[in-house]
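What follows is a single structure, written as structure tokens, with notes after it.
Derivation of every value follows stated rules applied to the coordinates shown; laboratory data play no part. Just so we're clear, the structure is a prediction, and the values are computed from it rather than from any experiment. Virtual Cβ from ideal backbone geometry, glycine too; neighbours counted across all protein chains shown.
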Amino acid sequence: MLDKFTAGPSAPHATFRPASAPAHSSMRTLLQLIAVFAVALVLGISSARYMIEEGSFLTTQRAGPWASWLSEGNPNADPYTKAHLARSGRLPLTSTTARYFTASTDSQGYQLTSDCEYLIEGSALNARWWSLAVYDEHGSLIENPSQRYSFNSEEAIRRSDGTYRISLASNARPENWLPTGTGPEKKLVLMLRIYSPREIDSSGIGQIPNDRLPKIERKACN
Amino acid sequence: MQLRVPLLYILLCLVLAGLIHIAAVLALPGLAPKNAWARLVPLGPANTMIQIPPLAPGNEVMPMMAPDVRYAFCRFDLAQGPVRLKGSVPSDLWMIAFYTPEGDNFYTVPGADMKSAQLDLVIALADQTVAEAGVDAPEDADELFVIKSPAREGVAIIRAPLSGPSRMARTEDALKATVCSPLKK
């Protein structure tokens, strides 16, 4: 392919090419094609992986650290959402019955880790029931002596205006303490599940205004 | 002229990358060996209500399950006829959700939408008629709530959110009393 453009009759250096040039250049073309294919493979796979794991504007609603897959569980979901769901191993309710928001960073964008302590500040959610749970990066609950893995709308201590504060920390904290366990550092993932949101859009999807989602503020790190 | 060669390679690379991207996204659901269905099948036989024990670190069936929700599920197989789900729903927080093996949530009955606290519904394929399947009395058939399943197999999951430790025992008793069985006797 390369010599088509360089070895034409008018190419000034054509006469200096050694006798073995055609074989040499076709080998070069082959290597170049292999390189093109390798780059395409990396690009294609990594872009697919990113859009399936992290989501994109096509599939997810983002608000600060929170992300929510809008068509999760929906029989008419797009291929990215279906791939995400199959990989996740979960069986979520569709967004017309429940909304799920996950966060793996704090509100500043830093990875949530069991080495740090966080203050989660949330306001009242217009829904029948909600629950905020913490998991390790594999989606497993974190062992702790008080066997506390989540706070829900019935349990969390709330102030008269409906706001609440949850401390995400490895050591006991007053008010609502969500333990992150002891032992080696773990990456953390928070999931806020909201059952039967009362505000819905024209397609029946529960609406959670972005400013209603909790703020996650890092307080101190080991 | 020299510039056209890299440009050609770049175009070829992008087109190939696009095709590989599409193929990867479309192939992935079939290549995910540990989707939810694969995790639920080993827990018990079809057409039986199976209780998922209270969640604790290490005993989760699926990732990111709610620790403050009790789950029970029935993996239904409609090959031999429709399947019936019976029980009582003590709280309007309950959700009874129906899925295909691929995880499509094709129907959900929120507890709040139920007319009575008694759960009694039938899962059937589009071409299965419930009356023919032999209900006790014809008038029973009219009152049955029928959910048409798009797939021969699937799973019905009952989610019972816990509204405080005091009500935990009541929730668990109600979940254990739900029955999933073939409609035809």
Exercise for review: Determine which aspartates and glutamates satisfy two conditions relative to B:Lys148: a Cα distance under 16 Å, and not lying fewer than 8 residues away in the same chain.
Suggested key: B:Asp77, B:Asp104, B:Asp120, B:Asp127, B:Glu132
Practice item. Considering only A:Leu125, A:Leu85, A:Leu41, give the residue with the highest GNM mean-square fluctuation for chain A, with springs between Cα atoms whenever their separation is below 10 Å. Key: A:Leu41
Review point. Among the DSSP beta bridges whose two residues both lie in the protein assembly as shown, what percent are antiparallel, rounded to the nearest 5?
Key: 90 percent
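Rounded, prolate or oblate, given the Cα gyration tensor of segment B:1-113, with a/c below 1.5 counting as rounded?
Details: a/c = 3.04, a/b = 2.71, b/c = 1.12.
It comes out prolate by the Cα gyration axes.
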Point to revise | Of B:Lys34/B:Lys86; A:Lys186/A:Lys219; A:Lys82/B:Lys176; A:Lys187/A:Lys219, those spanning more than 22 Å from alpha-carbon to alpha-carbon | key: B:Lys34/B:Lys86; A:Lys82/B:Lys176
Exercise for review: Go through segment B:173-180 residue by residue and turn each phi into a ³J(HN,Hα) via Karplus (6.51, -1.76, 1.60, θ = phi - 60°); whole Hz please, and just put x for glycine and proline.
Suggested key: 4, 5, 5, 5, 7, 6, 10, 10
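Run the helix sum for chain A: -39,500 (n - 2.57) per DSSP H stretch of 4+ residues, divided by residue count, reported at 222 nm to the nearest 500 deg cm²/dmol.
Working: 3 runs with 47 residues, N = 222.
Result for chain A: -7000 deg cm²/dmol, rounded to the nearest 500.
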Check your understanding: So what J values fall out for segment A:138-154 if you push phi through Karplus, 6.51 cos²θ - 1.76 cosθ + 1.60 with θ = phi - 60°, rounded to Hz, Gly and Pro as x?
Key -> 8, x, 9, 5, 9, 4, 7, x, 8, 6, 10, 10, 6, 10, 10, 4, 8
**Study point:** Interchain or long-range residues, amide H under 5 Å from B:Arg70's placed H
**Key:** B:Ala160, B:Leu162
**Study point:** Estimated distance in nm for a label pair at B:Ala169 and A:Asp161, the labels positioned 7 Å out from Cα along Cα-to-Cβ
**Key:** 4.0 nm
Study note, to complete from the structure: Cross-link reach from B:Lys115 to aspartates and glutamates, straight Cα distance under 16 Å and at least 8 residues apart if same chain, gives B:Asp92, B:Asp142, B:Glu143
Point to revise | For chain B, cysteines whose Cβ has no other cysteine Cβ within reach (under 4.7 Å) | key: B:Cys13
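What shape does the protein assembly as shown take by its C-alpha gyration tensor, where a ≥ b ≥ c are the square roots of the eigenvalues and a/c under 1.5 counts as rounded, a/b above b/c as prolate, and the rest as oblate? Let's see the in-between values first.
On the way: a/c = 2.79, a/b = 1.58, b/c = 1.77.
Oblate shape, in that a/c is at least 1.5 and b/c is the bigger or equal ratio.
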Practice item. Kindly list the residues of segment A:202-222 that lie in the label zone of A:Asp115, defined by a backbone N under 11 Å from the point 7 Å along the Cα-to-C-beta vector. Key: A:221-222
Review point. For segment A:130-222, what does the alpha-carbon gyration tensor say about shape, rounded, prolate or oblate, given a ≥ b ≥ c as the root eigenvalues, a/c under 1.5 as rounded, and a/b over b/c as prolate?
Key: prolate
Check your understanding: Which of A:Gly181, A:Gly162, A:Gly206 moves most in a GNM of chain A, Cα contacts under 10 Å?
Key -> A:Gly162
Exercise for review: Set the Förster radius R0 to 45 Å, insert the Cβ-Cβ distance between A:Ala35 and A:Phe57 as r into 1/(1 + (r/R0)^6), and round the FRET efficiency to 0.05.
Suggested key: 0.90
Revision key, fill the gap. The set of residues whose placed amide H lies less than 5 Å from the amide H of A:Gln207, leaving out same-chain residues fewer than 5 positions away, is A:Glu199, A:Ile200, A:Asp201
Study note, to complete from the structure: Taking alpha-carbon centroids only, segment A:149-222 lies from segment B:1-69 a number of Å equal to 27 Å
Exercise for review: Note down the nm distance, to one decimal, between modelled labels 7 Å out along Cα→Cβ at A:Arg198 and at A:Ala172.
Suggested key: 3.6 nm
Check your understanding: How crowded by other chains is B:11-18, given as the mean number of beta carbons from other chains within 10 Å of each beta carbon?
Key -> 6
Exercise for review: For B:Leu125, enumerate residues with amide H under 5 Å from its amide H, sequence gap 5+ or separate chain, H modeled in the peptide plane.
Suggested key: B:Ser149
Review point. With r defined as the distance between the Cβ atoms of A:Asn76 and A:His24 and R0 fixed at 51 Å, what FRET efficiency is calculated, to the nearest 0.05?
Key: 0.40
Revision key, fill the gap. Residue-ordered couplings for segment B:68-84, obtained by feeding phi - 60° into the Karplus form 6.51 cos²θ - 1.76 cosθ + 1.60 and rounding to whole Hz (Gly and Pro as x), are 10, 10, 8, 10, 9, 9, 10, 8, 9, 10, 8, 4, 9, x, x, 10, 10
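In nm, what is the difference between 0.36 nm times the number of residues separating B:Gln118 and B:Thr48 and their Cα-Cα distance?
Numbers: separation 70, 0.36 × 70 = 25.20 nm, distance 1.86 nm.
Once the chain is fully extended between B:Gln118 and B:Thr48, it gains 23.3 nm.
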Point to revise | Choice from A:Thr59, A:Thr163, A:Thr180 showing the highest fluctuation, given a GNM over chain A with Cα pairs closer than 10 Å | key: A:Thr163
Exercise for review: Return, ordered by residue number, the residues of segment B:59-99 whose backbone nitrogen is under 16 Å from a label point located 7 Å along Cα→Cβ of B:Val146.
Suggested key: B:78-85
Check your understanding: Between A:Glu137 and B:Ile10, what is the label-to-label distance in nm when each label sits 7 Å out along the Cα-to-Cβ direction?
Key -> 3.5 nm
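Compare the peptides A:108-116, A:24-32 by average per-residue count of other Cβ atoms within 10 angstrom and give them in order, highest first.
Values: A:108-116: 15.8, A:24-32: 13.1.
Going from most to least packed, we get A:108-116, A:24-32.
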Check your understanding: Mean separation of Cα pairs under 8 Å and 6+ residues apart, divided by the residue count of chain B: what relative contact order is that in percent?
Key -> 27 percent
